[in-house]
1. Just wondering, is there one or more residues in the stretch 1-14 that are of a type in the set (Asp, Glu), touching a Phe, Trp or Tyr at 6+ places or on another chain (Cβ under 7 Å) and in a loop (DSSP other than H, G, I, E, B)?
2. Considering Arg8, Arg20, which residue is of a type in the set (D, E, K, R) and either closer than 26 Å to Pro74 by Cβ or modelled with pLDDT of 95 or more (or both)?
3. I'd like to verify a number: residues in the stretch 13-37 that are without any contact (Cβ under 8 Å) to a residue 24 or more places away in the chain and surrounded by 11 or more Cβ atoms within 10 Å (Cβ to Cβ), how many?
4. For the stretch 54-79, how many residues meet the condition of being surrounded by fewer than 14 Cβ atoms within 10 Å (Cβ to Cβ), free of Cβ contacts under 8 Å to residues at least 40 places away in the same chain, hydrophobic (A, V, I, L, M, F, W, C) and not in a loop (DSSP other than H, G, I, E, B)?
5. For residues that are of a type outside the set (D, E, K, R) and farther than 19 Å from Gly9 by Cβ, scanning just the stretch 38-53, find the one that is surrounded by the most Cβ atoms within 10 Å (Cβ to Cβ).
6. Identify all residues within the stretch 7-33 that are of a type outside the set (Asp, Glu) and in contact with a strand residue (DSSP E or B) (Cβ under 6 Å, 6 or more places away or on another chain); write none if there are none.
Amino acid sequence: MEPQVQSRGIGSRLLDHVERRAKALGAAELSCDTAEPAKHLIEFYNRRGYRFIQYAQWKSTNYRSVILSKCLTPPTLLA
């Protein structure tokens with residue numbers, strides 16, 4: 001994203017929309033990936049409740065990716 005439009009909440013609003021849409025479609029979990037060197041993005045996702053799952057090395061990139069995931073439904077209590 002262009003520096004002049006960063007820190008305006010656009011990414012948060014987009015992710016809010018994606019998470020709401022995924023829940024509406026019945027998804028229990030949502031995953032994404034970002035470049036390992038993009039520490040600010042990993043921190044952004046962590047603040048939003050995403051957790052580290054694993055690393056991936058995609059054939060189309062020259063960097064390692066971090067795969068993150070977030071549970072969209074509250075955990076159920078077992079009786």
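1. The answer is no, given that none of the residues of the stretch 1-14 is of a type in the set (Asp, Glu), touching a Phe, Trp or Tyr at 6+ places or on another chain (Cβ under 7 Å) and in a loop (DSSP other than H, G, I, E, B).
2. When all the criteria are applied, what remains is Arg20.
3. The qualifying residues number 4.
4. Residues flagged as surrounded by fewer than 14 Cβ atoms within 10 Å (Cβ to Cβ), free of Cβ contacts under 8 Å to residues at least 40 places away in the same chain, hydrophobic (A, V, I, L, M, F, W, C) and not in a loop (DSSP other than H, G, I, E, B) within the stretch 54-79 amount to 1.
5. Out of the qualifying residues, it is Ile53.
6. Matches in the stretch 7-33: Ala22, Leu30, Ser31, Cys32.
The values are calculated or read from the model by the stated rules, or taken from the named source; none is laboratory data. Bear in mind that the values here come from a model prediction, so they are computed numbers and not experimental data. Every residue, glycine as well, gets a Cβ built from its backbone with ideal geometry; the counts of neighbours run over all protein chains shown.
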